[in-house]
Each structure stands twice: as structure tokens, then as C-alpha cells.
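The values are calculated or read from the model by the stated rules, or taken from the named source; none is laboratory data. These figures come from a predicted structure and were not determined experimentally. Neighbour counts are summed over all protein chains in view; Cβ atoms, including those assigned to glycine, are modelled from backbone coordinates with ideal geometry. Surface areas here come from the heavy atoms of the whole protein model, side chains and all, with no ligands, DNA or RNA. Shrake-Rupley method; radii C 1.70, N 1.55, O 1.52, S 1.80 Å.
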Amino acid sequence: MKIVKLLCAVMFSFSFTSSAQFLQSVRAVKLTEPIILDGKLTESVWKSVPPITEFKQREPEQDSAASERTEVWIAYSEDALYIGARMYDSHPDSIMKVLSRRDNTITSDWFAVFIDSYHDQRSGNFFAVSAAGTVVDGVLYNDDWNSTDWDGVWEVKANIDEQGWTAEIKIPLSQLRFHDNTNQVWGINFERDIGRKNESDYLVYTPRNGSGFVSRFPTLTGIDGVKSSSRAELLPFLTTKAEYTHPSAGDPFNNGSRYSPEFGADLRYALSGNLVLNATVNPDFGQVEVDPAVVNLTDVESFFQEKRPFFVEGANIFTNFGQGGGRNFWNANFSGPILFYSRRVGRTPHGNDTLNNADHVDMPIATQILGAGKITGKIGDQWNVGTIHAVTAREFAPFQINGVRGEAEVEPLTYYGVARVQRDFDEGRHGIGILGTVTSRQFSVSPTGRELSSNLNSNGLFSGVDGWTFLDDEKAWVITGWSGLSFVDGSRTRLLNLQTNSQHYFQRPDINHVHMDSSATSMTGYAGRMYLIKQRGNFFFNSAIGVIDPKFEVNDIGFLGRTDIINMHIGAGYNWPDPDGIFRRKELGGLLYQTNDFSGNNTGRGFFHFGSVQFKNYYGVNWGFGFGPDNINQRRTRGGPLTLNTPYIEYNITINSDDRKEVYVQLNGNGNSSTQSVYKYIDVTLQYRPVPNITLSVTPSYEFGFNALQYVQTFDDPLAVNTYGKRYVFGELTQNTFGAGFRLNWTFTPTVSLQLYMQPLISSGSYEKFKELKRPKTNDYLVYGTQNSTISKSGNDYTVNPNGTGSAQPITFSDPNFNYKSLRGNAVLRWEYLPGSALYFVWTQSRSDEEKIGSFLFNHSLRRLAEANADNIFMIKLSYYFNI
């Protein structure tokens, strides 16, 4: 007990309490005259009451008085909150009035208001405007975090004059959620950024070595007699799309052009002041920006970010499961599951084995979402709730085989559901929550429907609990985490396929903690992770332990790369947040980590150091370096025996210039090296702003990879007794990849913008020195062509005799060399012609080319790419916002 008490005393001695004194409360006044929103502050309300002026710097001189005076007033009417702000500037000709598209937070002069209308001291909304009139809005959550994924319907005007600049903001109460009380008590905060000085001034700020933002807000009073809005907001939209593509010759389903008009509507309805229903009918889930092209040679699927507004807005209540209370979550060598991966809803159809031999297939590009709805908000004072429900259609793909047409079911009728409940106690010092997900599929009785049931689960469920508790009054130390159970069921064939897929690999012959069950029709697993974090003060600490059971499965509605993991780490560091010598701030840290499987095999162990500095001129450097001893690889053979990884080193570095300047440069590099593989990556971002409303950027990148043990194929051979009757073939792969991102942002006015984006990609892979594993748990391989083995090539195929003239049967595999080229790009013209109403013109082009050569031929690849057929898609979308 004495040791525990001593440890606690040492831990708490590192806690930090800011000595800064801030304004504790502010008051709003009720309007007696209408506000003409012109940004000029001519109404009497902006002159009749004393302004709020107590702003202090967080950057660059923390706790110093703001270098320029700021005055703010708060007023309200029965249906809106109004903010007036005067930003004085001693050099108004130097105000950074950079114009950009909505939600693009570039360095400029800004004014922002943060509102905790629930007064739960953990969540809220923010509304910001630049001196040029650009707007940014979003949500606040988990006390410290924010997201710009939410777009509210509000109005603002900014104006520059000889004294500086001003802003008038009107926020309809329908955009805020608050309790049905006669006398409202909210939290509020303000921020002013002075771009040329890199200065950030707040009414109340979070110290650089502290945590907690919303919980520090001053109290806002004086808003009396307003009612939570029960209005409905309706957003009907009309889209029309023209596709000009290049189908294969003789395709009876596609002549190269298609036209598809669509109509739908989104509804937002306030069930109460605390709960909001969002529903959509025949939703438009087209993406404005294309997904990047990738060349994936691993056994883990590629992850892509969600970009569809219905799923993005308000997603934080679902995605922060397991992260309550904490601010900084490290995941050293831990690939945790994403329990709600919304891109599963409406994804590309899974397909059907019947189509493998088809000459032509008219495969839908996405599964139609028949309808979707979500409810988010609060019940009572402290219960945060959220739920999403969606139904996707049964999809069919017409096909033709030898002139005979048919139709195959490629996606069953499917229901997706997510429910989240969370409550915090004692002003956010403790919290507990629950998350549940459901996926339920209804397969048809047709032959192709029965085939689908062999490849998809019938049902998938997850249920988990999360929570946190702070260990001290200053909220410096926190324990936070989550745990949960998964359940899936389906046909015997499906469960057998599930047990042997790349997430599970139950067929591995040299493990004893899990076994295949050919009679299984269901599977249950568990997972969880727990953190101990210190997040206030110059000293910081981070540790965690996490497990993913081999039978854990959430890929029906989540994203899970691998299972069979027991992982832990412990790390610490120190930051110097104040200017010192040539530095503006510094940070150093490090951690130790280890990962095992459920048989106790060490699958990863190492040390990692990280650090960062920012210089007085606002240039910065971030770096990291790590190393680890040999460990066991359980995935290299793709379901075969274990192999050995040799010791490795890894490193990364980022160098950036001052982003206030017209030209901004950032250099990124990372890599790793061992006797088995070498990886190097570098990219450079060049951003140029010739005038305040145009930004050009280019990010060229180069990637080099050498893998002496790239998986090729597995062959049955009863004579391969050392490797359990199979031969696991690998090759030495040398891969070169060039990529780039070109972007133009041209903002004509705060409501009219043009975005152009283009991404070329050239990737080649050359294989040589094919080999097979000789013994499990070793780095011992037989290189074909040595030790009496032979290898020969005829055309595009290799033939191998593993023991020369011996009794082993020859094996044959295709040349895996590749050269892949692609070009993807789009142009988006957006006009918000009324608040909440928009008109889009979108053009998307894609082209690609493949060759069976392994050489990296840059000029040749560019020429082939220029000659490749281009697929073009043109789309127009018109939406109109009704506040009913």
C-alpha cells in the first residue's frame, strides 16, 4: 500500500493547473429592433451595452494580453442568436483576407464563436468567419476535439474598414440543441486569429500543456423565454448524371453512354430541443472527391475515408467509442477495429461466383440505399444518444455467357443498424456508454441467392461498453477504454470461409489456440482496449493493453484487418511549450511495445522515439525512430505456418515552412529496413497562393519497396512434410511507385468556388529469385534454381521442380510482374445561392492501363496513360433548403 501511495503521489505531482485568470460569465441581451446583417454594427444593441474585451493570447505569448483589441456583443431574439464583433487592427492594410472554400481553415484573420448550448461542458458547436467572409462550422466533442463535418444553416457578414474589421453573425436557434428551460444557461467562448502574427486570442484558452476546452467556457446567461425549435428542415434535391465510358467490345449492356436523373430528399426534424431526426429518401450518396488509386499487395483490404454527408455529419458520437475522457490515444503496433465503418452501407455489391465465367456483366457501381435515418441528441441532462438505420436494396447484375443472357443476385436485401448511448457524471469526470451494431441480410431462394449465402454472413452483431474515470481533481490522469462481444451466423460454407479468410486464418497448421470447425454456423468473439493517460502538464504518459480474440468479427458493418492480438505499450515524454532560445516549442518522447498472439508467440516488439520542434520563424521538424528484434510472422504464408521476421529499424521525418507565406513547403519521409525488406517513401508538398482567393498545390511522391518474401501462391504437395503438405512460394519483389496530387482551389466569393483535383499514379513490380519456405518459424528458404531445384519460364508461366529429378510434382504459376498506371481527377463548381441551398457542377475523369512488365519506365508509362481511354462522368445537382 505504501508503494501505491508513493506512486500516486509522484503521478499527481506532475499535474498542472493554469494560473491564468479568465472571465467566468457573460450575458446576452434581448433585441428590441431587427438586425440588418451587413457586418457594419450600426444597430443600437451593439452600442448600448458594454462589450466583452477580456481576450488573452494562447499563441504566440501564452497568457499575455492580446496585441489588438477585440470587442464582442451577444444578443438574441425569439428565433436566433446574434453575435457582433469588432476586431481593431493598428495596421488594417495588413489584415490577411484570404478567401477559401467553406470549412477550409487556412492561415488568415478569423473570428470564431464556440457554443455549449447543452451546458454539459463536453460538447457544442462552433461558427467561424474570416475577414474575407469564408465560413467554417462544426461540432465540439469529448471536451477537447472538434470536427468540421457538420454544416449548419446560418448567416454571417464581414466588413473591413479603417479601424480593422467587423463581423455580424446570425445563428438560428433551430441549429442549436438546448434544454426546454425558461432561463437558459449555456457555455460560450470566442477566438480571434491574427494571421500575419500567428496570434490566437481567446476569451478562455486551453494551456498548451493542458487539456479540456469546452469545460473551461464562461457561462452565458440572459437568454430567457426562448423555446427549442420543433421546425422541420427539408432539403429536396435533383441530380442528373451523364456517363461516357469504354465498355468491352460487344457488351450488350453498355453502348458507352448512360444518362440517369434522380430525385430525393433529406429531412431534419427536431423531435425536441434535445433530439433531432435526420432521414433521407433515395439519398444522393455521390462523392464529390474521388478515392485515391492504390496498389494493394497485402492481405488486408484498403481503407477509404467516408465522404458522404449523411454519414459524416454527427458521426463523432459513434466513432469516439472507447475514447471518452482521453485526448491522446497511442496505438503502437495495434490495429484496432473500427466498429462502425459507414462505407459498408451502399458499398459496391459483393458479386457472385456465377459471374466468374461471364463474357459481359452489367455490375452496379453501388448498392442502392432505399432509405436511411438517424436520431442524435440528448435524453435528460446527461444521456447522449445516437442511432442510425439504413436498408439497402437487393441488387442484380445482368450477364451474358456465350450469347446467353441471365441475371445474378449480387447483393441481398440488407438492414444496417447502430445504436449509441453515453452518460457522463460529476461534470465529465466519469462516464459510461454502450454501442450496439446490427447487420441482417435476407437471401433469396434463387440459385444465385444461395451462392451469396456462402460468401456473406446472415447476421452480424456487436455489443460493447466503454467508459472513463479521471483519477485527480485536475483531470490530468484518466483511465479510459472499451470492451465488447461480436456474433455472426450463416451457412456452414460461409462460416468455413470466414474462419479461413485473411482476418482469421484458423487453418494455420502450427497453432493450438484455435481450430477450424466445419460444422459451425455461428462464431462469437471478444475484444477490448484499456488506457492509462496523463494529459496535463509538461510531462505526459501513455500506456495501454488491448486484445482481439481470434474469433472476433465485425466486418459486416465495421473494419477489421486482423485478429489474434494481445498488445501493450508504455510510453512517456516531456514538452516545452514556451519559447526558449531559437525554439518556440519542443517535445520529446518514447515508448516500448509488445504484441503476442494467443499462443504466446511474439509477433512484434520494439522501441520507438519521437520528437518535434518549432522554431521562432514558425518552421518545424517532426521525427521518429524505432527498432525491434526478430519476431514471429503469422500472416506471411496467408494461412500457412509461422515464419520469422528479422530485426528491423524504422524512421520518419517531416519538415515544414511557415504557412503564413505565399509559398509553403512540407517534406515528408519515412521508411524501414531489415535483412528481409527495405521500404522508403518521400513526398513534397508545394503550395502557392498567388492572390488571396487562389491556392495551387502539388504533392509529388516516390515510393521504393524491396520485399525478399512477397507471397506468390500456395501449392498442395504431400511430399512437403516440413511445411505440412504445402509449398508456400514467395518472390523477391522490387516495387517503384510514383504518385502526385495536383489541386487548384479558386474561390470567387464566399459562396462560389471551383475545385480541381488530379491524381496520377504509376507503379511497377518486378519479381525474381522465387523461393519456398523450408521450415516453419525460421528464415530458411529454398531459392529455386539452387540445391537441385529447377525453375524455367515459358511465355507468361514459370515451372518449378522443387527437388529436380525427384518425386515432387512440378508446380506452375504465372509471372506476377506488373506495371499499373492510373489517372483520376475531378472538377467541382459549387454555388450556395441561398443559405443551405446549393448548385453543383461536377466532372470526373478516370483512365488506367496495365502491362505484365516489371520495369519502372516513367516516360513509357506516361505515354501509355495519355493513350488510354478516358471514362468521363458529368453531374449536376440542385438542392433547395426549406425551413418549415
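Listed residues E191, E162; which is within 29 Å of the chain's Cα centre (by Cα) and over 20 Å from V49 (Cβ atoms)?
E191
Being modelled with pLDDT of 90 or more, out of contact with any Lys or Arg (no Cβ under 6 Å at 6 or more places or on another chain) and part of a strand (DSSP E or B) is the filter here; which residues of region 206-236 pass it?
Listed by number, the residues that qualify are T219, L220, D224, L234, L235, P236.
Of the numbered conditions (1) under 22 Å from R69 (Cα atoms); (2) at pLDDT below 95; (3) in a strand (DSSP E or B), S108 satisfies every one except a single condition; which is it?
Answer for S108: the failing condition is (3).
Has region 286-306 got at least one residue that is open to solvent by 30 Å² or more (accessible area, probe 1.4 Å) and touching a helix residue (DSSP H, G or I) at 6+ places or on another chain (Cβ under 6 Å)?
Yes; the residues of region 286-306 include at least one that is open to solvent by 30 Å² or more (accessible area, probe 1.4 Å) and touching a helix residue (DSSP H, G or I) at 6+ places or on another chain (Cβ under 6 Å).
Go through region 675-695 and count every residue that is open to solvent by 30 Å² or more (accessible area, probe 1.4 Å), under 30 Å from A708 (Cβ atoms) and not in a loop (DSSP other than H, G, I, E, B).
Result for region 675-695: 7.
If I filter region 226-271 down to residues being in contact with a Pro (Cβ under 7 Å, 6 or more places away or on another chain) and among the small types (G, A, S), which single residue comes out as surrounded by the fewest Cβ atoms within 10 Å (Cβ to Cβ)?
G256
From the list A132, A158, which residue is part of a loop (DSSP other than H, G, I, E, B), under 24 Å from K97 (Cα atoms) and touching a Ser or Thr at 6+ places or on another chain (Cβ under 9 Å)?
Selected residue: A132, the only one of A132, A158 that is part of a loop (DSSP other than H, G, I, E, B), under 24 Å from K97 (Cα atoms) and touching a Ser or Thr at 6+ places or on another chain (Cβ under 9 Å).
Output the residues belonging to region 147-163 that are surrounded by 20 or more Cβ atoms within 10 Å (Cβ to Cβ) and within 25 Å of Q57 (Cβ to Cβ).
Matches in region 147-163: V156, A158.
Just checking, how many residues over region 36-53 are surrounded by fewer than 18 Cβ atoms within 10 Å (Cβ to Cβ) and either closer than 24 Å to Q184 by Cβ or not hydrophobic (A, V, I, L, M, F, W, C) (or both)?
Residues in region 36-53 being surrounded by fewer than 18 Cβ atoms within 10 Å (Cβ to Cβ) and either closer than 24 Å to Q184 by Cβ or not hydrophobic (A, V, I, L, M, F, W, C) (or both): 11 in total.
Tell me whether region 667-674 contains one or more residues that are among the hydroxyl-bearing types (S, T, Y), outside any strand (DSSP E or B) and modelled with pLDDT of 95 or more.
There is no residue in region 667-674 that is among the hydroxyl-bearing types (S, T, Y), outside any strand (DSSP E or B) and modelled with pLDDT of 95 or more.
Can you tell me how many residues within region 69-103 are in a loop (DSSP other than H, G, I, E, B), of a type in the set (D, E) and open to solvent by 20 Å² or more (accessible area, probe 1.4 Å)?
Residues that pass the stated criteria total 3.
Yes or no, residue by residue, for (1) of a type in the set (A, V, I, L, M); (2) more than 20 Å from N198 (Cβ to Cβ); (3) out of contact with any Phe, Trp or Tyr (no Cβ under 9 Å at 6 or more places or on another chain):
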| residue | (1), (2), (3) |
| --- | --- |
| F615 | no, no, no |
| W623 | no, yes, no |
| T637 | no, yes, no |
| L644 | yes, yes, yes |
| I655 | yes, no, no |
| D658 | no, no, no |
| Q666 | no, no, yes |
| F706 | no, yes, no |
| Y711 | no, yes, no |
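State all residues of region 504-535 that are open to solvent by less than 50 Å² (accessible area, probe 1.4 Å) and either in contact with a Leu (Cβ under 6 Å, 6 or more places away or on another chain) or not in a loop (DSSP other than H, G, I, E, B) (or both); if no residue qualifies, say none.
Across region 504-535, the qualifying residues are D510, A520, M523, G525, A527, G528, R529, Y531, L532, I533, K534.
Name the residue that is nearest to H350 (Cα to Cα), counting only residues in region 387-421 that are surrounded by fewer than 22 Cβ atoms within 10 Å (Cβ to Cβ) and among the small types (G, A, S).
Among residues in region 387-421 that are surrounded by fewer than 22 Cβ atoms within 10 Å (Cβ to Cβ) and among the small types (G, A, S), the one nearest to H350 (Cα to Cα) is A393.
Filter region 813-824 down to the residues that are more than 15 Å from Y711 (Cα to Cα) and open to solvent by 10 Å² or more (accessible area, probe 1.4 Å) and list them by number.
Within region 813-824, Y820, L823, R824 meet the criteria.
How many of the residues making up region 831-882 are of a type outside the set (S, T, N, Q), free of Cβ contacts under 8 Å to residues at least 60 places away in the same chain and not in a loop (DSSP other than H, G, I, E, B)?
The qualifying residues number 14.
If I ask for residues that are within 24 Å of P261 (Cα to Cα) and crowded, with 16+ Cβ neighbours inside 10 Å, which ones from region 840-871 would you list?
Result: Y840, V842, T844, Q845, S846, D871.
Within region 551-578, which residues are outside any strand (DSSP E or B) and open to solvent by 20 Å² or more (accessible area, probe 1.4 Å)?
The answer is K551, N555, R562, D578.
Hey, can you tell me all the residues within region 579-606 that are part of a strand (DSSP E or B) and closer than 19 Å to P647 by Cβ?
Result: G590, L591, L592, Y593, Q594, T595, N596, N602, T603, G604, R605, G606.
Inside region 189-225, can you point out the residues that are hydrophobic (A, V, I, L, M, F, W, C) and open to solvent by less than 10 Å² (accessible area, probe 1.4 Å)?
Selection gives F190, I194, L203, V204, V214, L220, I223.
Taking only region 489-528 into account, find how many residues are more than 32 Å from the chain's Cα centre (by Cα) and without any contact (Cβ under 8 Å) to a residue 24 or more places away in the chain.
3
Just to be sure I understand, how many residues within region 715-726 are part of a strand (DSSP E or B) and crowded, with 16+ Cβ neighbours inside 10 Å?
The qualifying residues number 2.
Can you find a residue in region 380-395 that is over 28 Å from G314 (Cβ atoms) and free of Cβ contacts under 8 Å to residues at least 60 places away in the same chain?
Taking every residue of region 380-395 in turn, at least one turns out to be over 28 Å from G314 (Cβ atoms) and free of Cβ contacts under 8 Å to residues at least 60 places away in the same chain.
For residues in region 435-467 being charged (D, E, K, R) and under 21 Å from G558 (Cβ atoms), which is least open to solvent (accessible area, probe 1.4 Å)?
D466
Quick check on my filter: what residues within region 356-401 are closer than 19 Å to Y269 by Cα and among the β-branched types (V, I, T)?
I375, T376, I379, V385, T387, I388, listed by residue number.
Find the residue count for region 100-126, including only residues that are among the hydrophobic types (A, V, I, L, M, F, W, C) and touching a Gly at 6+ places or on another chain (Cβ under 7 Å).
Total meeting the criteria: 3.
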